[in-house]
Each structure stands twice: as structure tokens, then as C-alpha cells.
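Below: one structure, written as C-alpha cells.
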Amino acid sequence: MSSSGRSEQLAVHPGLPVPVEIRPVRGARRLRLRFDERRGVLKLTCPMRTSRRAALAWAAEQREWVDTQLADMLPAEPFAAGNRIPIEGRETWLVWAQGEPRLPRRDGEQLRCGGPQSGFPRRVEAFLKRLALETLSSETAGAAAAAGVSPRSVTVGDANTRWGSCSSERRIRYSWRLILAPPAARRYVVAHEVAHLVHLDHGPGFKALEEKLFDGDVASARALLRRVGPRLKRIGRGH
């Protein structure tokens, strides 16, 4: 069994929501990360010569995975009548009303829906996915026009670890849960993925275009999404 040649070090990184316990291990060939739910820390093992700075930087790059682990600790928030969920960042009551149309509709701080109560969660989720696709398709088209490019397709899904992706075939896919997030967080992801239509890397050209398309404080929007993300990934679960 490999053993540690140095004592474990507890460190913090501004891009991570929980501390990181760094453990250099003899014989380790790569960095590994796992989440200790009981202690609420990330446990990182790495080769002996890995610097503390490099280890923390690598851990911060795994932020989406970390958010997924934290989301699994939170209680589920099902689409049940009487619950509240954020829609575009605004807390909204879910209301089932017998005799109203089956198609959900927004009414101020409420999302109202009729039809059989047993199908209420399914109809709410379908409504949110349609709204997400319409909103993200429109915002993507606007950003793409500003960048002088055109995506081949825009779709939504429910990936556990990524808010968006852009393939080399110019296909953009988003998490439908972005419709739950504040608009600034959603538009940041749109700017990020559209910038990838031009630059497949994250170099200076990409960052400049991302900032231009977002037309705001990218760092603040990214931090906002990281802050609300764990909860968004639990909404609609448990029904």
C-alpha cells in the first residue's frame, strides 16, 4: 500500500466552497479528488512532487463535479403543489387548481396548473423545459449574431455536471435548469458557449469574446451560478 510522505494539509481556494485536504502519496501518478461528506471537505491525493498551488488549481477546475457532490447532500425539492421554486431567479409558488387548464401558466409569483393532480410534477417540468429551450434559443441566436457565427443546433438536457457544452460540430446543449437561475447567470453560460463557436480553447481570444458577448462582469456572473447551482440541481427531484 502506498503511504504519504508528507502530512495532510488543509487548504482553501476562493473558487471552491469547501476546504481541500491535500495528501501527497508515494507512487501516485495522477491527482484524485473525492468528497468526504461526513467532514465536509474535499480529499485530494497527488504525486509527491505536486505543489500545493498546482494541486489547489487543479481542484478548482473540478468545480462542476464538486457542485454535484454538494447538491447530493441537499434535500430534494419536488415539483409539488405548495412548494416554491426559482424561475429566472424569482421564487415562485407552485399552485394546483382544480378546473384550471392543464397547461401551466405564470401569474405573478405563482405557476398555476390544473388537470389531474397526479400529473402535476410532470406538467411543471415539461413547462420549464419548454421555457428553457425558447429562452436559451433566443439568447443564443442573439449572442451568435453578435459574434458573427451560427450554431448548428441548440438543445436542452439535464446533465449532472455541466451547465452547457459546445461541440466541434457547432451543436450547443444547455441544462434546462438554467431557466431556474437568475438571468445574469444564464446569460453568462450562453456567452461562454457561443464564444466556443469561435474558440474551442479558453485562451485570451476566448475570454475577450466571452466578456464582449456577456457585456457585464463575467466573474460575478460565474460566482453567482456557482452559489445557486447546488440548489438548482436538486429542484424537481424526489417526485
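Observations on the structure shown:
- Cβ crowding within 10 Å averaged over residues, with 176-188, 65-77, 94-106 ranked highest first: 176-188, 65-77, 94-106
- Helices that extend 30 Å or more along their long axis by alpha-carbon positions and average at least -0.5 on the Kyte-Doolittle scale are, among the DSSP H runs of the chain, 120-147.
- One decimal place: the segment F206-E169 gains 11.6 nm when fully extended, by the rule 0.36 nm per residue minus the C-alpha distance.
- For the range 1-98, the relative contact order works out to 19 percent when only alpha carbon pairs closer than 8 Å and six or more residues apart are counted.
- Cα gyration tensor shape of the range 126-165, rounded if a/c is under 1.5, else prolate or oblate by comparing a/b with b/c: oblate
- Surface analysis of the chain yields an accessible area of 53 Å² per residue, using protein heavy atoms and a 1.4 Å probe.
- K233, K43, K212, K207, ranked by accessible area, largest first (probe 1.4 Å): K212, K207, K43, K233
- Restricting the range 126-196 to GluC sites (Glu not before Pro) in coil, as DSSP defines it, with at most 13 other Cβ within 10 Å: E169
- One decimal place: the segment R152-R227 gains 23.9 nm when fully extended, by the rule 0.36 nm per residue minus the C-alpha distance.
- Modelled spin-label separation between V18 and A219, with each label point placed 7 Å from Cα along the Cα-to-Cβ direction: 2.6 nm.
- Element breakdown for the range 73-201 at a 1.4 angstrom probe: carbon and sulfur atoms account for 50% of the accessible area.
- Potential extension, A76-D36 segment - 0.36 nm per residue separation minus Cα distance: 12.4 nm
- Carbon + sulfur, % of accessible area of the range 23-62 - ligands and nucleic acids excluded, 1.4 Å: 42 percent
- Counting Lys and Arg as +1 and Asp and Glu as -1 over every other residue whose Cβ lies under 10 Å from the Cβ of L42, the net charge comes to +1.
The values are calculated or read from the model by the stated rules, or taken from the named source; none is laboratory data. Every value quoted in this text rests on a predicted model; they were computed, and no experiment measured them. Positions of Cβ are backbone-derived with ideal geometry, glycine not excepted, and every protein chain shown enters the neighbour counts. Surface areas here come from the heavy atoms of the whole protein model, side chains and all, with no ligands, DNA or RNA. Shrake-Rupley method; radii C 1.70, N 1.55, O 1.52, S 1.80 Å.
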